[in-house]
1. Answer yes or no: is there a residue in segment A:69-80 that is touching a residue at least 60 places away in the same chain (Cβ under 8 Å) and in contact with a Leu (Cβ under 7 Å, 6 or more places away or on another chain).
2. Residue A:84 passes all but one of (1) among the aliphatic types (A, V, I, L, M); (2) part of a helix (DSSP H, G or I); (3) touching a helix residue (DSSP H, G or I) at 6+ places or on another chain (Cβ under 9 Å); (4) surrounded by fewer than 23 Cβ atoms within 10 Å (Cβ to Cβ); which number fails?
3. How many of the residues in segment A:119-148 are over 17 Å from the mean Cα position of the chain (by Cα) and among the hydrophobic types (A, V, I, L, M, F, W, C)?
4. Which of the residues that make up segment A:172-198 are farther than 20 Å from residue A:86 by Cα and of a type in the set (Ser, Thr, Tyr)?
5. So which residues in segment A:100-120 are part of a helix (DSSP H, G or I), within 17 Å of residue A:42 (Cα to Cα) and of a type outside the set (A, V, I, L, M, F, W, C)?
6. All but one of (1) crowded, with 23+ Cβ neighbours inside 10 Å; (2) within 11 Å of chain B (Cβ to nearest Cβ) hold for residue A:106; state the number of the condition that does not hold.
7. Please find, within segment B:22-77, the residue that is farthest from residue A:105 (Cα to Cα) out of those that are in contact (Cβ under 8 Å) with a residue 60 or more places away in the chain and facing another protein chain (nearest Cβ under 7 Å).
Amino acid sequence: MFTGEVSQAEAGSQGVPTSYASGANGSRTRKAPRLASTETDEMHWVACMARVRDHADQAAFAALFRHFAPRVKGFLMKSGASEALAEECMQDVMATVWTKAALFDPARASLATWVFTIARNRRIDAFRRDRRPEPEDLTWGPESEPDQADVMAFQQEAERLAAAIADLPDKQRDLIERAYFGDLSHSEIAEATGLPLGTIKSRIRLALDRLRHALT
Amino acid sequence: MSIVHHLPDTILMAYAAGNLPEAFGLVVATHVSLCDDCRTRLQAFEAVGGTVLESAGAAAVSEDSLAATMRLIASRAKDPIKARMPASAVFPAPLRDYVGGDLDAVRWRSVAGGVRQAILASSRSGSVRLLYIPGGAAMPDHGHRGTEMTMVLKGAFRDADGRFARGDVEVATEATSHTPVAEAGEDCVCLAATDAPLRFSGLIPRIVQPFFRI
């Protein structure tokens, strides 16, 4: 049974905050902000992911699981999976969240976005024989990490995008949902474009440019 | 590298939504590997998917779901991070995965007039292949049923829509009938995907078509 949202106090009391900026070798000087009650949901998930990645923290993972597992399963069922298949694929998706934790870049994606991409790929594997070619990964190496200020700015932008999409007319939002549940072909999808993506694009681009710079 | 011709929003959004046929998906993955503009736009469309996942509703999970997931995790190794593309590679990683190597690993088949091709994947949803066009040579004139995406990997070609060099993508639709000509000098290598068989306007290529699956 879905037990509802984990409270931030619950996860916070387990010392969740390890920032992406503090860096294992202390190469960065910026101090991570403490988790406070004013912390946004998105930053909370970012902190949980850092715990999973750096400390294999099962309590932080359990918090993520309680929030995302029911959503992933709901997403897969709305995409046409049976309850049993959705449960199986969901567990696989959540296991991938753990094993690929190092690939999550909070300067370019909210955790919901990253989990969505894993669930989408799993759906493709489950529903059709086609392969899904993936772009070459761009990841921060062990020595460098995104700047905490960039991470916070991006996560705020992701929350603004969610609010902007929630405010769209029902008809357009419905079309967007159908597109992401896999119900629209690329020729049908044209009507669903024209989304308020200008500012989030600038943030992603900035993060990509910094990552490219760090890679060279 | 300065890429001039990018992927259209509809293609990027369909790829982000996970509903683009494999043949086009390979062109998208290959282009995005070289183009941070399109990588940015793709990730913005994926962010929309994140909001859909977050808001579209939860389903009750089984009672031992978390425990089962932890057992699954324990049975797996952490994913190693893949090696980056060698700077000298012509093919980005997703394309190298299909070819089994870089340009020198392609198993070409002659088509006509010095043009060669290698089919990478073909199914009812479409096909994707590499094309090798000698410098100065033309592709046979062809119209399309459906959509065709062509990305340049090496050299350059020109047609009525302009000049296309490494990284550039041309998206042609039903209405397009074009004759790409490789620029003189360097031979041109392209990745081309269609969601329907091409049709050629010349008689001989039309006869040849069923045999060569061009």
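The values are calculated or read from the model by the stated rules, or taken from the named source; none is laboratory data. None of these values were measured; they are calculated from a predicted model. As a convention, Cβ positions derive from the backbone with ideal geometry for all residues, glycine included, and neighbour counts pool all protein chains shown.
1. Within segment A:69-80, one or more residues are touching a residue at least 60 places away in the same chain (Cβ under 8 Å) and in contact with a Leu (Cβ under 7 Å, 6 or more places away or on another chain).
2. (3)
3. Of the residues in that region, 3 qualify.
4. A:185, A:187, A:193
5. A:113, A:117
6. The number of the failed condition is (2).
7. B:22
So that you can scan it fast, the table gives a plain yes or no per residue for (1) under 26 Å from residue B:127 (Cβ atoms); (2) more than 8 Å from chain B (Cβ to nearest Cβ):
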{"position": "A:94", "(1), (2)": "no, no"}
{"position": "A:114", "(1), (2)": "no, no"}
{"position": "A:123", "(1), (2)": "yes, no"}
{"position": "A:126", "(1), (2)": "yes, yes"}
{"position": "A:134", "(1), (2)": "yes, no"}
